2 protein chains.
Amino acid sequence: MSKEYLAESVTTVSAMESDGLSVFFPNGGYQCFPLRHRQLSTRAQDNEETPELWAKGTRQMRTNRNDVCRWLGAFISVATFFLVGFVIGWFSGHSGHDTKGSTVSNRGKFLNEMKAENIRAYLRNFTQLPHLAGTEQNLRLAKQIEKEWKDFGLDSVELVHYDVLLSYPNESNPNYIAILDENQTEVFNTSLYEVTPPGYENIPNIVPPYNAFSAKGEPEGDLVYVNYGRTEDFHKLHRELGVNCTGKIVIARYGKIFRGNKVKNAILAGAKGIILFSDPADYCAPGVNVYPDGWNLPGGGAQRGNVLNLNGAGDPLTPGYPAKEYAYRYNTAEGAGLPKIPVHPIGYHDAEKLLKNMGGQAPPDKTWKGSLNVSYNIGPGFNGPFAKSKVKMHIHTNNEVTRIYNVIGKIRGASEPDRYIILGGHRDSWVFGGIDPTTGAAVVHEIVRSAGKLVKQGWRPQRTIIFASWDAEEFGLLGSTEWAEENAKVLQDRAVAYINADSSIEGNYTLRVDCTPSLNTLVYNLAKQIPSPDEGFESMPLYESWHKKDNWTENRDAPRISKLGSGSDFEAYFQRLGIASARARYTKNRKTDKYSNYPVYHSVYETFELVEKFYDPRFTQMLAVAQVRGGLIFELADSPLLPFDCKEYALALKDYADSIYRLAKVHQAQLDLYRVSFDALFSGVENFTKAATDFHERLKSIDMKNSLQLRIVNDQLKNLERAFIDPLGLPGRPFYRHIIFAPSSHNKYAGESFPGIYDAMFDIESAESPVKAWDEVKRQISIAAYTVQAAAMTLTEVA
Amino acid sequence: MSKEYLAESVTTVSAMESDGLSVFFPNGGYQCFPLRHRQLSTRAQDNEETPELWAKGTRQMRTNRNDVCRWLGAFISVATFFLVGFVIGWFSGHSGHDTKGSTVSNRGKFLNEMKAENIRAYLRNFTQLPHLAGTEQNLRLAKQIEKEWKDFGLDSVELVHYDVLLSYPNESNPNYIAILDENQTEVFNTSLYEVTPPGYENIPNIVPPYNAFSAKGEPEGDLVYVNYGRTEDFHKLHRELGVNCTGKIVIARYGKIFRGNKVKNAILAGAKGIILFSDPADYCAPGVNVYPDGWNLPGGGAQRGNVLNLNGAGDPLTPGYPAKEYAYRYNTAEGAGLPKIPVHPIGYHDAEKLLKNMGGQAPPDKTWKGSLNVSYNIGPGFNGPFAKSKVKMHIHTNNEVTRIYNVIGKIRGASEPDRYIILGGHRDSWVFGGIDPTTGAAVVHEIVRSAGKLVKQGWRPQRTIIFASWDAEEFGLLGSTEWAEENAKVLQDRAVAYINADSSIEGNYTLRVDCTPSLNTLVYNLAKQIPSPDEGFESMPLYESWHKKDNWTENRDAPRISKLGSGSDFEAYFQRLGIASARARYTKNRKTDKYSNYPVYHSVYETFELVEKFYDPRFTQMLAVAQVRGGLIFELADSPLLPFDCKEYALALKDYADSIYRLAKVHQAQLDLYRVSFDALFSGVENFTKAATDFHERLKSIDMKNSLQLRIVNDQLKNLERAFIDPLGLPGRPFYRHIIFAPSSHNKYAGESFPGIYDAMFDIESAESPVKAWDEVKRQISIAAYTVQAAAMTLTEVA
């Protein structure tokens, strides 16, 4: 559907300019985007009537509307400054308070100042060369950003460095996998690099596909296909099929879960190496051409990526502490999260060769079958001797302590400089970073420019805003985590919120937001005041298109908001420090688009052209994301009363408690036998709900002119998220300390609610000692009940 | 010396009344104590001229001075209200700020309102019956205190309960130790109870001497004398003498270190039981009679006490979490800190019997010899077969989950109700609690009464004051720790300081203060404005007598202030939560008084009469302690700028760094070989010093009328202590999280600075792997350097 359109339409839009006035409209009056494009194709035929249709139009302009839009835009831009006080008054009225008109007009100015063409220009500029963490090129980009942020008008900008463990292929001894014949001769070798995309042929320093932090080694052996390498896949192999992976090399397809979890599972299963491949079933959309003719992954493309199981530790050699000059470093053998076996990623052309050469048993069911023209046998070791060829891995990747650089910029808060709103996203990329992260970094750059412009005009937010360009995210969220570690003492007291700014698109269908529940209301209110970039929603708010395209029907009639998991730089701030966090980006259609991530993810084919031709040719989706991210930091930094909604947290807690209880009730007999009760948890949630309701009720009567009284309730609001942090951490995961949310133990990307209870119940039917296992469930329920209860206490009257 | 005096003089003072006006004087004008005593002996002959002489006079009145004093007192009391604004202005001027006159006069009122005779009356009232934790009697006392605090005028008072593991002797199966003859016949049994002191013969519910949480059991075996049972004692036995304690029953004398550490050492040495006895060398002062004729421990007296190694965990069954209805409880076998072997305390009469019956080798040197008329042989197992008799322990003590009750009272702060100053001390006692804790509880009661009176007059402190009467301190600081756990989320944000109020006397020589370095200056300033109760210092400030009697000469020319260790209820607040803490009491002469603690500590002989006759007959030392404790909470609660001195912390850090480096340099060859450097730590201390100096410099220019600006710097001051907390805790001690201070791993009572480094270096010459051991030293130096550096960052400009 939308992919077909993407595939055929993109080449017609190559570059654009705009002189249009981009106006930020309050609810009810929405801007057009009177951009002038150098080349523009009008696409007449819209051959589908489904809601998903709206996704398509955002990538083109209806030129015949441009003039009307321009006049309308100008009119509304004038009208706006009259109406905006009233509208925002209504907006703020939801919290029962007045907001200064100046704040409103400044927010309008701030969001309207952002321009799609600037985002385009920054994306173009930042993606010309590879910016791998730890390289000279990425340091140069850091210095460029430092200089430009200063020029934009920030109060201070500095580079902050850490010396962390990174991992690079050995240039003189490349990684590959061979198929051996019966004479141990290597009859096939996987490719050493991806074919460079057009226009980038002479660019040096393109790192070939590899899995960072792979162990070195040259294991050889029989190959076992393990599907996605998920916990349940290994369970199926081991428990249902009796396949023993010990001493085998396993091959798993990418997708569904974080690759580090696949590697961990392989290690637990006893494998001596793991090969990760991109199956077309997971990395090609039907009917879409491969890059550069479309946005599908070419057969020689492969997904780079680290395979750590850090569980939030940051730099593997300095877990819990910043990797500064004074840091004690573990030796690499003791480092946190480092895999003990070689790991290597390959494309589907090479994968087909390896899979074709497998003997053994056919895969257990059709869910194990990808779309390669091979049998996907599970390989030898199941019910017979080795049938065909063994494989041999050649992995020579080196771990090296390397200097990385964050760029940290600040706008000092006017009245509460000691309250911090952080907007952070990474700068480092595997190669060009066309989507990941530069669609995010370009958006941050435009937000900084817009904020700086306001500062130059004399504006200053109430609270301090910190902008961060993180390094080495791709190597385990290292730059952001080390900075969080270095500044932990200050942040735990002063940080109000962290807004993440990784890739701003991973699709072009609709908005996707993951955030702490207390930010739901702010996100919705903002989305109602930002124009939708989607075709068919011109002059409608982003909220409308988002709501129509991704309704949260199972829970409520509103756009879906998801739980925060991990896999990006908010992790240390949210999961470790308990700072209210949010992330927003444009995404694909979750109902129809079944491929994993976006197809060329972490390949050399993530280029500027990919984005401009296929994803967001007008850069208006990225602009919308910039306005969402920017709007969040603006409101958090400048609202007299912090825009957190504790009642939303109450609703979420009830939902999570219901959900974990539903899971538990599958084992009703054991619940009875071992006297496992969830009553305390539900009681805690009830108390929390009452405390949250009362708190917001009391807010209505506070004196908004009494800065100390405001500070007191704002401190309560700021600290609510902190209250969910348990200094003891989750079992075995000391740096995941949030009791309500954690990255899933089975998939780092996904957020799990009440993770302590969830993990205690996971696979409990197979527990060696059911008594002990159910005891641990009881203990975890008790910890959750305590935490919710204690959080409720933070919302009651302070004395 | 002073003991002799005590012994002979006390019986002459039996009861007293006072109608005198107790006036709190600013620096320069000091009150007399015109108390009228019913019976009073004038002691003419002062036959010593040493400074220690001053300690004596405090226990009597010079009646011929009374009239002069009364007039002088009246005059000064009037003059005070004129001068007090100026003087406190000077006092506050040290921080460079003005203080409202109202605050000053209120502090004057607050401290002057406190009366010695009230403290006496409360002590009398609270010590009539035993108040063992978990008993009906102690609940009744809680309810009485609750009611009286309400009557005094607190805004709210409530009982807060927890269900914690306590431990009681089995009433129908008493604990004792027997000497067996060669036929296994019990030829001698230790006594089952102490002889009740006169006047208490008919009081029920006196628990016999026992060690709470002892394991049950009836081990029998050879006895080995282990001196004080310290780490070094067991090292001497094992390494120098080759004595193997495995399977033996060991007998250790009380004193020098916390009894729980003795038990832990015994367990590590393989002992199957441990007997603790009070040696006269440690529990009798020379020339002093035993109670009731003096304040020495009678031969049948024994020291009760818990033998847990909780390391700050609180309730053994709910470590880290409050023991509320929803709590998950470990079963007793898994409980935190519970000893695995039987433990029992005996007096020196019984001890003599056991020691006389030992065979084996004489003690290694004279430092092992106590003052009993026995050989103090180390016992069989050294160089020969069993010589004389074996012993058999009969221990039937039961651990029981029992409800305990804290009394929590509050005065709501006027402008910053969300900032808490806590004054807490325990209420539970082993028997009558004559000294421990009721000299503290009576003082707290008088402080509450005085504060309540001010509240009734319309006063209200700027910040909230919380008064706590903790339960079950004697069972491992349980009441205070559970409350800290339940309120952790709120406290970590809101608590400004915790002032501990355990026994207010342990001697009657001079003031003793243990506190966080940032409170040094406040303590000194207060001591300069509180009259000394010491004879010879009449109309001089407490600071003068304190300075003269206990000069901190090795560090500076000022009264000694010590590090906080543990052993009382501040532990969870300071060592776990990082709340600035202090304790103050009257103590003995550290130079001359070589007995441990005070002799009748934790025996049935801790009575009201003990205190009134021998320790503080006029109750003026307790009054001084009340004024110190009360003055601390008043200043912390009501000073616009928090009275913390970060520069004192800087001085202390430098001192501790020098000290740990001196210790390390003993191993200079290893420091070189393993490249162990303390540079990063010293560099951190330097940065901290500069940050602290700059911070206080900036304070001079802040606008004291800007409540938000004040709040911002006050938050920095409040959070400084918090910055020293490492959520990962010290190695193996997750609830000791302060990186600068911890209870010594070898003696819970003592405070150790840079405990992580200290413990890593302890006995490092015996390390199995020196490389690993020195690596751990390096890691701990790095953590300390990071923590000091991070704390420094909290003091720099906030943005």
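Results, tabulated for the structure shown:
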| quantity | calculated |
| --- | --- |
| Counted residues, segment A:540-589 - those being at pLDDT 95 or above and either closer than 23 Å to A:P743 by Cα or within 19 Å of the chain's Cα centre (by Cα) (or both) | 33 |
| Conditions (1) touching a residue at least 24 places away in the same chain (Cβ under 8 Å); (2) touching a strand residue (DSSP E or B) at 6+ places or on another chain (Cβ under 6 Å): number failed by B:H547 | (1) |
| Candidate set: segment B:404-440, residues that are within 19 Å of B:P209 (Cα to Cα) and of a type in the set (A, V, I, L, M); chosen: the one surrounded by the most Cβ atoms within 10 Å (Cβ to Cβ) | B:I435 |
| Any hit, segment A:691-714, residues being surrounded by 17 or more Cβ atoms within 10 Å (Cβ to Cβ) and under 28 Å from A:Y758 (Cα atoms) | yes |
| Strands (runs of 3 or more DSSP E) within segment A:174-293 that include 2 or more residues in contact with a Pro (Cβ under 8 Å, 6 or more places away or on another chain), among the hydrophobic types (A, V, I, L, M, F, W, C) and farther than 30 Å from A:I435 by Cβ | A:223-225 |
| Residue within segment A:716-731 that is in contact (Cβ under 8 Å) with a residue 60 or more places away in the chain, within 10 Å of another protein chain (Cβ to nearest Cβ), surrounded by fewer than 21 Cβ atoms within 10 Å (Cβ to Cβ) and over 23 Å from B:E325 (Cβ atoms) present | yes |
| Wholly enclosed helices (runs of 4 or more DSSP H) of segment A:648-767 bearing at least 3 residues touching a strand residue (DSSP E or B) at 6+ places or on another chain (Cβ under 6 Å) | A:707-723, A:755-761 |
| Meets criteria (polar (S, T, N, Q) and either in contact (Cβ under 8 Å) with a residue 60 or more places away in the chain or at positive phi (or both)) for A:T587 | yes |
| Selected residue [surrounded by fewer than 19 Cβ atoms within 10 Å (Cβ to Cβ), among the charged types (D, E, K, R) and closer than 30 Å to A:G413 by Cα] from A:K147, A:K115 | A:K147 |
| Sole exception among (1) surrounded by 24 or more Cβ atoms within 10 Å (Cβ to Cβ); (2) without any contact (Cβ under 8 Å) to a residue 12 or more places away in the chain for A:S480, by number | (2) |
| Residue list for segment B:631-656, restricted to those being closer than 29 Å to B:E554 by Cα and small (G, A, S) | B:G631, B:A650, B:A652 |
| Residue in segment B:663-676 that is within 22 Å of B:L795 (Cβ to Cβ), surrounded by fewer than 22 Cβ atoms within 10 Å (Cβ to Cβ) and of a type outside the set (S, T, N, Q) present | no |
| Scan of segment A:217-238 for residues that are hydroxyl-bearing (S, T, Y) and under 15 Å from A:P342 (Cα atoms), ordered by number | none |
| Selection status of B:K392, within 14 Å of another protein chain (Cβ to nearest Cβ), farther than 30 Å from B:K613 by Cβ, charged (D, E, K, R) and not in a loop (DSSP other than H, G, I, E, B) | no |
| Output for segment B:256-275, where each listed residue is touching a helix residue (DSSP H, G or I) at 6+ places or on another chain (Cβ under 6 Å) and buried (at least 24 other Cβ atoms within 10 Å of the Cβ) | B:N265, B:I274 |
| Residue, nearest to A:G684 (Cα to Cα), within segment A:618-647, restricted to residues that are among the small types (G, A, S) and assigned to a helix (DSSP H, G or I) | A:A637 |
| Considering residues of segment A:684-700 that are farther than 16 Å from B:Y326 by Cβ and of a type in the set (D, E) only, the residue nearest to the other protein chains (Cβ to nearest Cβ) | A:D694 |
| Strands (runs of 3 or more DSSP E) enclosed by segment A:401-514 - at least 2 residues per element that are of a type outside the set (S, T, Y), more than 22 Å from A:E571 (Cβ to Cβ) and more than 22 Å from the chain's Cα centre (by Cα) | A:416-426 |
| Any hit, segment B:394-403, residues being crowded, with 19+ Cβ neighbours inside 10 Å and touching an Asp or Glu at 6+ places or on another chain (Cβ under 6 Å) | yes |
| Residues of segment B:767-799 satisfying the condition of being in contact (Cβ under 8 Å) with a residue 24 or more places away in the chain and away from chain A (no Cβ under 14 Å) | B:P770 |
| Residue check, A:C284 within 20 Å of A:D593 (Cα to Cα) and away from chain B (no Cβ under 14 Å) | yes |
| Conditions (1) touching an Asp or Glu at 6+ places or on another chain (Cβ under 8 Å); (2) under 30 Å from A:L491 (Cα atoms): number failed by B:E485 | (1) |
| Of the criteria (1) more than 12 Å from every other protein chain (Cβ to nearest Cβ); (2) on the phi > 0 side of the Ramachandran plot, which one B:I740 fails | (2) |
| Any chance B:A336 is within 14 Å of chain A (Cβ to nearest Cβ), assigned to a loop (DSSP other than H, G, I, E, B), out of contact with any strand residue (DSSP E or B) (no Cβ under 8 Å at 6 or more places or on another chain) and surrounded by fewer than 24 Cβ atoms within 10 Å (Cβ to Cβ) | yes |
| For A:N383: the one exception among (1) crowded, with 21+ Cβ neighbours inside 10 Å; (2) at pLDDT below 95; (3) assigned to a loop (DSSP other than H, G, I, E, B) | (1) |
| First in segment A:633-654 and farther than 13 Å from A:L699 by Cα, second anywhere and in a loop (DSSP other than H, G, I, E, B) and modelled with pLDDT of 95 or more, Cβ under 6 Å, 6 or more apart | A:E635/A:P643; A:A637/A:P461; A:D638/A:P461; A:D638/A:Q462 |
| Filter result for the condition that a residue is farther than 30 Å from A:L268 by Cβ and either within 14 Å of chain B (Cβ to nearest Cβ) or in contact (Cβ under 8 Å) with a residue 60 or more places away in the chain (or both), over A:N289, A:N306, A:N311 | A:N289 |
| Filter result (under 31 Å from the mean Cα position of the chain (by Cα) and among the hydroxyl-bearing types (S, T, Y)) within segment A:684-720 | A:T689 |
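Each row is one residue, and each column tells you yes or no for (1) more than 14 Å from every other protein chain (Cβ to nearest Cβ); (2) within 24 Å of B:R711 (Cα to Cα); (3) touching a residue at least 60 places away in the same chain (Cβ under 8 Å); (4) among the aliphatic types (A, V, I, L, M).
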| site | (1), (2), (3), (4) |
| --- | --- |
| B:I466 | no, yes, no, yes |
| B:E486 | no, no, yes, no |
| B:A497 | yes, yes, yes, yes |
| B:T516 | yes, yes, yes, no |
| B:L526 | yes, yes, yes, yes |
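The values are calculated or read from the model by the stated rules, or taken from the named source; none is laboratory data. No experiment lies behind these values; they were computed from the predicted model shown. Note that we place each Cβ from the backbone using ideal geometry, even for glycine, and neighbour counts take in every protein chain shown.
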